[in-house]
Amino acid sequence: MADSTARDRDALADRELEQASGGMSIDEIRDLTDSYRNFLEHANNAVKTASDLLKDQAQRL
């Protein structure tokens, strides 16, 4: 009975999240989150690379 209640509660929470997210499923939200995290990681790496290049240039001056 407790397992059924927990599953029902989880299903309700999933439906509420889906409605609040404009109809996106939980898997779509996770995929979007993973893509955004990947984008931020690449952007951070690009900033580090640019920073390192600028430091190298500054040391040469």
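Any read-out appearing in this document is the output of simple, stated calculations on the displayed coordinates, not a laboratory observation. Keep in mind that this is a model prediction, so the values were computed, not measured. All Cβ positions, even for glycine, are placed from backbone atoms using ideal geometry, and neighbour counts span all protein chains on display.
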Checklist entry - What list of ³J(HN,Hα) values in whole Hz, one per residue of region 48-61 in order, does the Karplus curve 6.51 cos²θ - 1.76 cosθ + 1.60 (θ = phi - 60°) give from phi, with Gly and Pro shown as x? => result 4, 4, 4, 4, 4, 5, 5, 5, 4, 5, 5, 5, 6, 7
Checklist entry - For the charge dipole of the chain, defined by +1 on Lys and Arg C-beta atoms and -1 on Asp and Glu C-beta atoms about the Cα centroid, which residue among 13, 49, 61 has the Cα displaced farthest towards the positive pole? => result 61
Checklist entry - Once both axes come from the Cα atoms, what is the angle between helix 2-20 and the longest principal axis of the chain, in degrees from 0 to 90, rounded to 10? => result 50
Next on the checklist: How far apart, in nanometres, would the label points at residue 54 and residue 37 be if each is projected 7 angstrom from Cα along the Cα-to-Cβ direction?
Outcome noted: 2.9
Item to check | Label selected from (i) 96; (ii) 37; (iii) 82, the criterion being volume of the Cα convex hull per residue in Å³ as computed here | outcome: (i)
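On a full-extension model of 0.36 nm per residue, what is the gain between residue 19 and residue 45, subtracting their alpha-carbon distance, rounded to one decimal in nm?
5.9 nm
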Item to check | Charged-residue dipole, Cβ positions (Lys, Arg, Asp, Glu), the chain about Cα centre, Debye nearest 20 | outcome: 500
